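Below is one structure, written out as structure tokens, with a few remarks after it.
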Amino acid sequence: MKIGVLALQGAVAEHIRSIELAGGVGISVKKVEQLNEIDGLIIPGGESTTIGKLMRKYNFIDAIRQFSAAGKPIFGTCAGLIVLADRIAGGEEAHLGLMNMTVSRNAFGRQRESFETDLQMVGIEETVRAVFIRAPLIQSIGDEVTVLSTYQDEIVTARQGHLLACSFHPELTDDYRLHQYFVQMVESSL
Ligand code: GLN
């Protein structure tokens with residue numbers, strides 16, 4: 001089972017390492033054609049405006065929408081979560097617009113630019129270690145979206161069928177259980 005990591009910007013190598021720890025094969029995706037070779041896709045953190053621009057420039061927007069329409073799982077982390085959302089608070093144009101949720105960028109305030117915590121996660125037994133870096137939060141969700149974790153009453157992980165999104169960086173710790181959760185989503189989609 002092959003999982004691609006969109007390699008336009010962000011922590012690609014770390015995601016590939018976590019995918020492999022979770023039992024999948026990780027591939028760095030730089031060209032749209034590579035979407036045909038993979039069973040699931042991770043959109044990493046970074047800066048969502050930049051990632052969105054690069055996705056438009058290299059024709060990834062329609063190609064990833066088709067990938068999703070074929071029922072193939074996608075996991076967006078941090079900036080990747082923003083890229084998946086239907087709506088961005090403040091009126092900025094959405095990028096992929098695949099998940100029925102409104103997200104707020106850089107939502108944890110200046111003094112909390114970066115922090116680590118342990119999160120309770122639906123579907124995972126023990127708490128998951130989460131690194132937040134200028135993280136977004138999910139302000140509101142549609143009926144088809146399930147909340148998997150919250151931090152101080154704010155939604156930070158959610159799932160809509162074959163789509164998964166989290167506000168933090170699961171690839172920056174040795175805790176690969178959220179990647180394992182995604183690997184299972186990909187397995188059951190095959
Ligand atoms: N602050 C970034 C954005 O709004 C996301 C930060 C991250 O991916 N660590 O795009």
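Quick notes on this structure:
- Identity of the residue in region 106-149, among the aromatic types (Phe, Trp, Tyr) and in contact (Cβ under 8 Å) with a residue 24 or more places away in the chain, that ends up surrounded by the fewest Cβ atoms within 10 Å (Cβ to Cβ): 108
- Every condition in (1) modelled with pLDDT under 95; (2) within 13 Å of the ligand (Cβ to nearest atom) is met by residue 130 except one, and the failing one is (1).
- Meets criteria (part of a strand (DSSP E or B) and over 30 Å from residue 66 (Cβ atoms)) for residue 108: no
- From 71, 91, residue being outside any helix (DSSP H, G or I), more than 12 Å from the ligand (Cβ to nearest atom), more than 27 Å from residue 189 (Cα to Cα) and not aromatic (Phe, Trp, Tyr): 91
- Single condition residue 76 does not satisfy, out of (1) more than 16 Å from the ligand (Cβ to nearest atom); (2) outside any helix (DSSP H, G or I); (3) in contact with a helix residue (DSSP H, G or I) (Cβ under 6 Å, 6 or more places away or on another chain): (1)
- Odd one out for residue 83, checked against (1) more than 12 Å from the ligand (Cβ to nearest atom); (2) of a type in the set (Val, Ile, Thr); (3) within 28 Å of residue 188 (Cα to Cα): (1)
- Residues of region 134-154 classified as away from the ligand (no atom under 16 Å from the Cβ), among the hydrophobic types (A, V, I, L, M, F, W, C) and assigned to a strand (DSSP E or B), total: 3
- Annotation note: of 83, 103, the sole residue that is modelled with pLDDT of 95 or more, assigned to a strand (DSSP E or B) and buried (at least 19 other Cβ atoms within 10 Å of the Cβ) is 103.
- Inter-residue pairs, beta-carbon under 7 Å, first within 18 Å of residue 83 (Cα to Cα) and in region 26-50, second modelled with pLDDT of 95 or more and exposed (fewer than 15 other Cβ atoms within 10 Å of the Cβ), 6+ apart: 32/58; 32/59
- Flag for residue 7 being within 22 Å of residue 180 (Cα to Cα), of a type outside the set (Asp, Glu) and out of contact with any strand residue (DSSP E or B) (no Cβ under 8 Å at 6 or more places or on another chain): no
The values are calculated or read from the model by the stated rules, or taken from the named source; none is laboratory data. Keep in mind it's a predicted model, so treat the numbers as computed, not measured. We place every Cβ from the backbone using ideal geometry, glycine too, and count neighbours over all the protein chains shown.
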